[in-house]
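The values are calculated or read from the model by the stated rules, or taken from the named source; none is laboratory data. Computed from a prediction, not measured in an experiment: that's the story for all the values here. Ideal geometry is used to build each Cβ from the backbone, glycine not excepted, and the neighbour counts take in all protein chains shown. Side chains are part of the model used for accessible areas, which takes the heavy atoms of the whole protein and leaves out ligands, DNA and RNA. Shrake-Rupley method; radii C 1.70, N 1.55, O 1.52, S 1.80 Å.
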Amino acid sequence: MRDDYPRSLEILEIEKEAKDLFTVFVKNTLDGFVPGQFVMVWIPSVDEKPFGVSYLEKDRIGITFEVKGKFTKKLAGMKKADIIGIRGPYGIGFPDPDSSTIVIGGGCGVSSLAPLMEKVKKSNSIIGARSKDMLLFRNRFEDAHFTTDDGTFGKKGFVTEILEEKLSALDKVSQVFCCGPEIMMSRVIEICKKHRKKCFISMERYMKCGFGVCGQCMCGDKVVCNEGPVFESKDVEGNPEFNHFAKD
Amino acid sequence: MITIKSDFLGMKLSNPLILASGIMGISVGSMKKIADNGAGAVTIKSISKEERLGHNNPTMFSFGDVFMNAVGYSNPGMIEAKKEFSDIDRIGVPVIGSVIGTKADDFVAVIEELKDIKFDAIEIPLSCPHTPGFGVLAGQGTPEATYRITKAVRKATRLPIIIKLSANAPDLTIVAKAAEKAGADAINMGNTHGPGMRIDIDSGKPILDFKVGGISGPAITPVTVRCVYDIYESIKIPIIGTGGITTGRDAIEMMMAGALGLGVGTGIYYRGFDVFKKIANEMKDWMKKKGHLSLKEIIGVAHEG
């Protein structure tokens, strides 16, 4: 019989990663977690929201988040030994990467891809952000390709331009994993289609239950929490809501 | 040839399993998925006059056989709902429109606003245990309020009306009779129970953000069976048994108590979207073993002799 309630854990550490981007570390209690899956993070008496896992270590996990609203502001202000609840893991993660998988993240989308970036060829990670001060994991993945919209770090432009270059250069590429704004993921899907590469994307939707019951996270005919959040591109192509609409 | 086809309020159902309101009833896309997984009919997530944000998360969790929720009737309101449900034909099975209100006039207003949506029946829940202003917390489950609201709704629509009652009512048969007398066409026997509460012992805080919530899941099946059994002999209109049905065995048992329709909601959590197909197959397997050809031979048998 299933049990799906938040397990309380003490915060081990909170680290600032970049402007408005923090990582909270707690003990690793996740059974068989696959990168791309997510957990529900509960702040008692505040709210509970879905997050990817950005550090997957034997003893601890890290969850990297952007301070956007009341919940994330509260989380960023919490201290070591404060209690949060973790429920999950939920959803379908990415397939196993091989060394020739390309991993592309934009903005906070990089966080759920980071455990995969540790497994692929170093130069196969592409990380983008609007600006240098918002760029994640500059030191963690020194040999990755970096892009910023304003050119303050790495190449000026978008992650999709690096992908296009890499695929055109006929490097050995098995597949592409991607997480970021849907407009970016849409473009990545197009590029992969052109170069006939398999592509997997990770979608974000407002979620309540996290386990495929409430229907809150529907994107067209897809239940994102349960049938995703990672989808092979062919399963979202033609979805009228992908890159167009998300329920509040 | 064994059949579990069911004729319910004029709806020709491939089986008596009906998606209960509040679960996966948020959009045409989500209900189509449930229909494709074998439900005989589906019920939309309840719609109110105005938009409602509902309670904060956590709104749902489970401890084994007990599932708890306090969603708080989050819905886009009747104007948006009209757009969302404009193409319900696409779902492919009969669709029941669930309508809520804080007073009788609100139910009527929503029904009138949604009159062009091709619902096959209207369901009126008077039994939610965890939303202030609605259901049990607003006293809508008393015999008097049930009569008054049903009567108002009866005047507002020609569609079959299903009144959804709470197992909490101390005078259940009287409430069911009040609904029938006011013009209801069916009773949906069972909402979530409670409310109940669970506290996280490390933080000392209730887990649900609303602190209390309705209880569903396999644990409540015996109470639903008893409630259906209790009202079966006091009313002539058909009954949907809702609360805990997870397996074919539960379904047969509910029918033996007197249910003609079977609500399935939390069963999706325990067995997946295809819980409908699974239950239907289990029902047929049991009927084959026992030599039954149709559901008529099963409904209400617990009352015989």
* **Residue count, the stretch B:174-218 (criterion: assigned to a loop (DSSP other than H, G, I, E, B) and surrounded by 23 or more Cβ atoms within 10 Å (Cβ to Cβ))** => 7
* Structure fact -> Of those in the stretch B:253-273 that are away from chain A (no Cβ under 14 Å) and open to solvent by 10 Å² or more (accessible area, probe 1.4 Å), the residue farthest from B:Tyr229 (Cα to Cα) is B:Leu260
* Looking at this structure, is B:Ser21 without any contact (Cβ under 8 Å) to a residue 12 or more places away in the chain and within 12 Å of chain A (Cβ to nearest Cβ)? -> no
* To do: Working only within the stretch B:116-135, note down all residues that are over 15 Å from the mean Cα position of the chain (by Cα) and aliphatic (A, V, I, L, M).
  => B:Ile117
* Asked: Residues of the stretch A:43-79 being within 14 Å of chain B (Cβ to nearest Cβ), in a loop (DSSP other than H, G, I, E, B) and hydroxyl-bearing (Ser, Thr, Tyr), which ones?
  -> A:Ser45
* Structure fact -> Going through the stretch A:10-37 in order, the residues found to be surrounded by fewer than 18 Cβ atoms within 10 Å (Cβ to Cβ) and within 14 Å of another protein chain (Cβ to nearest Cβ) are A:Glu10, A:Ile11, A:Lys27, A:Thr29
* **Pair list, Cβ under 7 Å, 6 or more apart: the stretch B:187-214 residue more than 9 Å from every other protein chain (Cβ to nearest Cβ), other residue among the charged types (D, E, K, R)** => B:Asn188/B:Glu123; B:Asn188/B:Lys164; B:Asn191/B:Lys164; B:Met197/B:Lys211; B:Ile199/B:Lys205
* If you go through the stretch B:223-230 one residue at a time, do you hit one that is touching a helix residue (DSSP H, G or I) at 6+ places or on another chain (Cβ under 9 Å), surrounded by fewer than 21 Cβ atoms within 10 Å (Cβ to Cβ) and more than 22 Å from B:Leu172 (Cα to Cα)? -> no
* Structure fact -> Among residues of the stretch B:81-91 being surrounded by 13 or more Cβ atoms within 10 Å (Cβ to Cβ) and not polar (S, T, N, Q), the residue nearest to B:Cys128 (Cα to Cα) is B:Ala81
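Please pick out the residue among A:Glu227, A:Glu204 that is open to solvent by 50 Å² or more (accessible area, probe 1.4 Å), under 17 Å from the mean Cα position of the chain (by Cα) and modelled with pLDDT of 95 or more. Steps first, answer last, please.
Values: A:Glu204 fails: modelled with pLDDT of 95 or more.
Only one candidate qualifies: A:Glu227.
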* Asked: Out of all the residues in the stretch A:101-111, is one or more open to solvent by less than 10 Å² (accessible area, probe 1.4 Å), within 14 Å of chain B (Cβ to nearest Cβ) and not hydrophobic (A, V, I, L, M, F, W, C)?
  -> no
* Asked: Restricting attention to the stretch B:47-71, and to residues there that are over 29 Å from B:Val110 (Cα atoms) and at the interface with another protein chain (Cβ under 7 Å from one of its Cβ atoms), which single residue is most open to solvent (accessible area, probe 1.4 Å)?
  -> B:Asp65
* Mind listing whichever residues of the stretch B:6-41 are farther than 16 Å from B:Thr246 by Cβ and assigned to a loop (DSSP other than H, G, I, E, B)? => B:Leu9, B:Gly10, B:Ser14, B:Ser21, B:Gly22, B:Gly25, B:Ile26, B:Ser27, B:Gly40
